[in-house]
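Reviewing the structure listed below.
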Amino acid sequence: MIVFQAFILLFVAAGGTAVVFTRDATSQAIVVSFYGLLLGIMFFVFQAPDVALSQIVVGAMALPLMIMLALARIRKQNRKRQQ
Amino acid sequence: MTRRIRLKFFLVSAAALALCFFWGYAGLPAFGHGSSIYADIVNAISVPQRHITDAVTAVNFDIRGFDTLGEEFILFTSVLGVILLMRRTKDEPAGDHEDKAPGRKVPPVSDAVRVIALLLLAPTIVFGWYIVVHGQVTPGGGFQGGVILSSAPLLLYLCGSYPKVRGAAAPRLIEIAEALGAAGYIVIGGACVALGGMFLENLLPLGKAGTLTSGGMVPFINLGVGLEVSGGFTLILLVYLEELMEEKES
């Protein structure tokens, strides 16, 4: 068990760093989705399945979706302004 | 701000953050220890007293049901806020701006994505409802199940088109479902008061622990929350898609 915990903590640390080092916003939304999934697995490994489920649905699905939709809208607005 | 000042500013704040972090870290209980008295009590009473096998649901929807009511309305209000911000104003009428950007073409959705989204659509809906109605038995509940359910319209968008999403999830219908779900929570609480109990006091028969009908009122509250959450997230998706589609249709 402790091995799993150590592994997932390392993965989460690497995932968080990867999110910060991804500079393009669209790619960042996808990386943050994977990071959310990693956090979900972490909560599961630490025996908090309820939180894990919430984390997966919010962090891996809802949050990246909102970021993508907001980015699309900003892009559209910028294009309109250029015309 | 020059680079030097920025660097100095960073070093000072990083040092302060590190100090606070290690100070807080030193005060934490040892790894794997430090469960609270509250947690022990909840673990001890959730099955014998409330007939709910998922202690987290017992806390969220029964022991501290009133807190969750507030949380539900945080989501309700934020959805309202998004819809209010994205609403059409007078100077941007619907569908009359053409896409004049040169060389801009929306890439077609690949067949692999279409097939996978189509295959996942029905299981997603079933799984979402499964998570909603099993809140009192296994991890999950109205919130988690609701978000899973709201990913179904997104899958439909991926394997079909926006008009199909609108056809399957008519905004007016979703709005009503969301409002019903949000109101349901208060109605259930009010019904308890009308029946002579306290607000959200679990008055229904508690049933056999570990079955679908256990937990008294908890499954009903979960159903309401499931409707509210899935409706809220679907509405946000619809509002954004509507915005982005206008351009393509015209």
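Derivation of every value follows stated rules applied to the coordinates shown; laboratory data play no part. Quick caveat: nothing in here was measured; it's all calculated off a predicted structure. Cβ coordinates were reconstructed from backbone atoms using ideal geometry, including for glycine residues, and neighbour counts include every protein chain displayed.
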Whole-angstrom Cα spans of the range B:138-250 along principal axes, big to small = 58, 29, 17
Mind pulling the angle between the C-alpha long axis of helix A:63-82 and the longest principal axis of chain A? Nearest 10 degrees, somewhere in 0 to 90.
-> 10 degrees
Any idea which of B:245, A:61, B:170 is furthest toward the positive side of the dipole for the protein assembly as shown, if Lys and Arg beta-carbons carry +1 and Asp and Glu beta-carbons -1?
-> B:245
Relative to the longest principal axis of the C-alpha atoms of chain A, give the angle of the C-alpha long axis of helix A:25-45, reported between 0 and 90° and rounded to the nearest 10°.
-> 20 degrees
If you project the alpha carbons of chain A onto their three principal axes, what span does each projection cover, largest first, in Å?
-> 59, 25, 9
Selected from B:224, B:232, B:189 as most flexible by GNM, with chain B as the system and alpha-carbon contacts under 10 Å = B:189
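How high is the relative contact order of chain B? Use alpha-carbon pairs under 8 Å, at least six apart in sequence, and give a whole percent.
On the way: 294 pairs, mean separation 65.7, N = 250.
Result for chain B is 26 percent.
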Computed over chain A: longest principal axis from alpha-carbon atoms vs helix A:2-21 long axis, angle to nearest 10 degrees, is 20 degrees
Going by the alpha-carbon gyration tensor, a ≥ b ≥ c the square roots of its eigenvalues, is the range B:167-220 rounded (a/c under 1.5) or, if a/c is not under 1.5, prolate (a/b greater than b/c) versus oblate?
-> oblate
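Hey, what did the range A:2-82 get for relative contact order, percent, Cα under 8 Å, at least 6 apart? Show your work: numbers first, answer last.
Details: 70 pairs, mean separation 23.3, N = 81.
Reported relative contact order: 29 percent.
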Excluding residue B:11 itself, calculate the net charge of residues whose Cβ lies under 13 Å from the Cβ of residue B:11, where each Lys or Arg counts +1 and each Asp or Glu counts -1.
-> +4
Residue among B:112, B:30, B:194 with the largest mean-square fluctuation in a Gaussian network model of chain B, springs linking Cα atoms under 10 Å = B:30
When chain B is treated as a GNM, springs tying every alpha-carbon pair under 10 Å, which of B:19, B:121, B:149 comes out with the largest mean-square fluctuation?
-> B:19
Based on other C-beta atoms within 10 Å, arrange B:6, A:75, A:23 from fewest to most.
-> A:23, B:6, A:75
Which helices count as membrane-span-like in chain B under these terms: full DSSP H, at least 24 Å along the axis by C-alpha, Kyte-Doolittle mean of 1.0 or more?
-> B:3-26, B:65-86, B:111-133, B:142-159, B:171-194
Cα extents of the protein assembly as shown along the principal axes, largest first, in whole Å, come to 68, 55, 39
Isotropically averaged projected area of chain B, using the convex hull of Cα atoms (one quarter of hull area), nm² = 22.1 nm²
